Amino acid sequence: MQYLSTRGHPDRKRFCDILLEGLAPDGGLYLPEHYPQIDAARLAQLRVVYRDQGYAALAFEILSLYIDDIPSADLRALCDKTYTAEVFGTREIVPLRRLEGVLHIEALSNGPTLAFKDMAMQLLGNLFEYELARRGEELNILGATSGDTGSAAEYAMRGKKGVRVFMTSPHGRMSPFQQAQMFSLQDANIHNLAIDGVFDDCQDIVKAVSNDHAFKAKYKIGTVNSINWARLLAQVVYYFAGYIQATQSNDQKVSFTVPSGNFGNICAGHVARQMGLPIARLIVATNENDVLDEFFRTGVYQVRGAANTYETSSPSMDISKASNFERFVFDLVGRDGARTKALFADGVGQAGKFDLSADPAFQGLSARYGFASGSSSHADRLATIRDTYERFGQIIDTHTADGVKVARAHLGAEPMIVLETALPIKFADTIEEALGRAPERPAKFEGIEQLPKRVQRLPADAEQVKAYIAAHCD
Ligand SMILES: *Cc1c(COP(=O)(O)O)cnc(C)c1O
């Protein structure tokens, strides 16, 4: 399998080359040259594989279609090591539960940090360690986080050989639970940097360090952000697992509703659908930051700046420029790299928007690609959390509540699967506001706020962050 850039660069690459890279050289995102097709007979086999051998075996089957530069036995071992009942809590790894009628929830958040990002990041940690050892290289991951991504990255990379993590976060601005999750890690290769500033200051520091090309090369600086193809690929697997659990035969279709921010999660659903998985519809659920909902309703994609991005009670979706969206648009415009480049480099990059409302491609959005969308507000979120608790005795997190709210507006005859993107304990304040009671805390997180913390506080100054990195790479 070869990979190409969404902006038309002529080079083609293999999986392990793009694994450790970010953007393509022309600023585009990597995608496979084609989507391998799963026909009915193959899907029937995958059903048996998941049932008899489990999720790791299913992951191996899907990943093998896209990765041909890691020997099969090694790839199988990496999947087996990643997707275990010890790490993810159940044999199914992503168990499906029914709320009522056709409405289901697929649990993706029982990994180490209680958010779905573990599903991909845990695999990425093992892939990085494997590939770096094979090349005899090292990598220093520099990131900025306001919560989920940073902790998922740290739990995936802790103790991994050849990898160090330097994770900046805004000092005093994460929830006590999130701080405790990250700062209680005592692994020598994990460095928490609490920056005196806001999240944007942290992002600016990461950009400034990455733009210092000499420093970046000397200290092997890399990232684990959501545009990484390996992360997206790992997420394709649980669409298959969700489909298999919700159906008895391959004649059936299902729909998915996905709480969305950077469009990574639902883009994996798009890939699964393009491979031939019988998905009727893919529903994008946003919160008050509804840039994506606006596009799917009107054909106008208009990104917003920090000043027009609201802080909401589903904070991991407070995104007004979806970094993976370009992948889908590339497919939508018939894989035309020049066109995609014009839309994103000139359109979004300069004017901050593009408009496909009059384009025939936009008309195919729902008919050809199955997409629909909806948005949810704080009041919707509270009402949905309350209703789900009162009628089914289940507490769902705020992001999943956005999904359930939007899914209810799109129910049809086929099973509707809402992806559960986090557990409620991560957003306890809003749960208290909705229910007047705190969500349960998984036993392994009992008392983590009292554990010793490992964190370095630094001013919002890229030079001081560089000095810290230099001093901690021996
Ligand atoms: C990251 C995240 C999302 C958004 O996922 P994208 O892949 O960015 O669309 C939704 N919910 C939670 C809890 C998250 O952590």
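Remarks
- Rolling a 1.4 angstrom probe over the chain with all protein chains present gives an accessible area of which 49% lies on carbon and sulfur atoms.
- For the chain, calculated [θ]222 nm from helices alone, where every DSSP H run of n ≥ 4 adds -39500 (n - 2.57): -12500 deg cm²/dmol
- Rg over Rh [alpha-carbon atoms, Kirkwood Rh] for region 382-434: 0.98
- A quarter of the convex hull surface defined by the alpha-carbon atoms of region 16-138 gives 10.0 nm² as the mean projection.
- When region 100-151 is reduced to its Cα atoms, the Kirkwood hydrodynamic radius in Å: 13.4
- At a probe radius of 1.4 angstrom, the accessible area of region 357-474 per residue rounds to 46 square angstrom.
- A convex hull fitted to the Cα coordinates of region 212-358 yields 158 cubic angstrom per residue.
- Take Asp74: with every protein chain present and a 1.4 Å probe, its accessible area is about 60 Å².
- 20 Å Cα-Cα threshold exceeded, pairs from Lys160/Lys220; Lys207/Lys353; Lys117/Lys160; Lys207/Lys321; Lys207/Lys466: Lys207/Lys353
- Alpha-carbon radius of gyration plus Dmax, which is the widest Cα pair, for region 140-180 in Å: 10.4, 31
- Estimated translational diffusion coefficient (Stokes-Einstein, Kirkwood radius over Cα pairs, 10 °C, 1.306 mPa s) of region 355-474: 85 µm² per second.
- Accessible surface calculations at 1.4 Å, restricted to protein heavy atoms, place region 146-245 at 33 Å² per residue.
- Per residue, the Cα convex hull of the chain amounts to 139 Å³.
- Quick note on region 1-49: its Rg to Rh ratio, both from C-alpha atoms and Rh being the Kirkwood radius, is 1.17.
- Accessible surface of Thr298 - all protein chains present, 1.4 Å probe, nearest 10 Å²: 50
- Per residue solvent-accessible surface (Å²) - region 1-54, probe of 1.4 Å: 47
The values are calculated or read from the model by the stated rules, or taken from the named source; none is laboratory data. The structure displayed is predicted, hence computed values, not measured ones. The protein model used for the area step is the full one, side chains on, heavy atoms only, and it has no ligands, DNA or RNA in it. Shrake-Rupley method; radii C 1.70, N 1.55, O 1.52, S 1.80 Å.
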